[in-house]
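Structure first, commentary second.
The values are calculated or read from the model by the stated rules, or taken from the named source; none is laboratory data. Computed from a prediction, not measured in an experiment: that's the story for all the values here. As a convention, Cβ positions derive from the backbone with ideal geometry for all residues, glycine included, and neighbour counts pool all protein chains shown. To get the accessible areas, we keep the full protein, side chains included, count just its heavy atoms, and leave off ligands, DNA and RNA. Shrake-Rupley method; radii C 1.70, N 1.55, O 1.52, S 1.80 Å.
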Amino acid sequence: MITRRTVLFLGLSQLICWGISYYLIAAFGEVIADELGWSGTLVYGGFSAALIVMGLTSPLTGKLIDKYSGRFVMSAGSLLLAIGCAGIALSQSVLAYYISWIVLGFAMRLSLYDAAFATLVRIAGSDAKRSISQITLLGGLASTVFWPIGFFPFCIFRLAGGFAGLYRVCTADASAASRHSKRTVQRKQNGRRPKIRCF
């Protein structure tokens, strides 16, 4: 049986993970291009690389969930999200930037809907439908919530500071999700500044 508490924690985890990964480029794309002096094509190409990695690593993710459980896989994914965000914040070369996006691509596959839904189905089978719908609703709010969360730290601390804020949110999410999921399983088993106006 999937408890309301489990749905709430997984839903919040999805909201955070989507907000700091998939929607990251929409909030920071122009900022990255201005900060590093790169073309938009080059900057947004990193996200395209991440999407390719997501597709290529889907079979592996399913095997990892079957072998190690969704708790382990999603917690690892959240930590990789933090590493990817830190990598982008510190990138000064195209190679480092794209490697960071490759890490984010794998992290997104480990931590977003697919892994969460597979985990719920393993717990409750066909009875997981309602929980999946509720978690999807929370995850769908990610862009609304995280665009301003990412934007205002940037206004104060610029690019590195904005990503540092996302890094802290992500590592906190990984830690909280891991602790809660563990309790659930135990019960079951017994530089140049861009010219951007902030306001």
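Miscellaneous remarks
- Among the protein heavy atoms of the stretch 35-148, carbon and sulfur supply 69% of the accessible surface, probe 1.4 Å, non-protein parts ignored.
- Sorting Ser69, Ser75 by solvent-accessible area of protein heavy atoms yields Ser69, Ser75, largest first, with a 1.4 Å probe.
- Our estimate of slack between Lys67 and Ile52, defined as 0.36 nm per intervening residue step minus the Cα-Cα distance, is 3.0 nm.
- Gain upon complete extension [Arg122, Ile83; 0.36 nm per residue less C-alpha separation]: 11.2 nm
- Efficiency of FRET from Cβ geometry, Asp114 and Gln134, R₀ 25 Å, rounded to 0.05: 0.90
- The tail of the calculated P(r) for the stretch 1-137, taken as Cα-Cα distances beyond 24 Å, holds 33 percent of the pairs.
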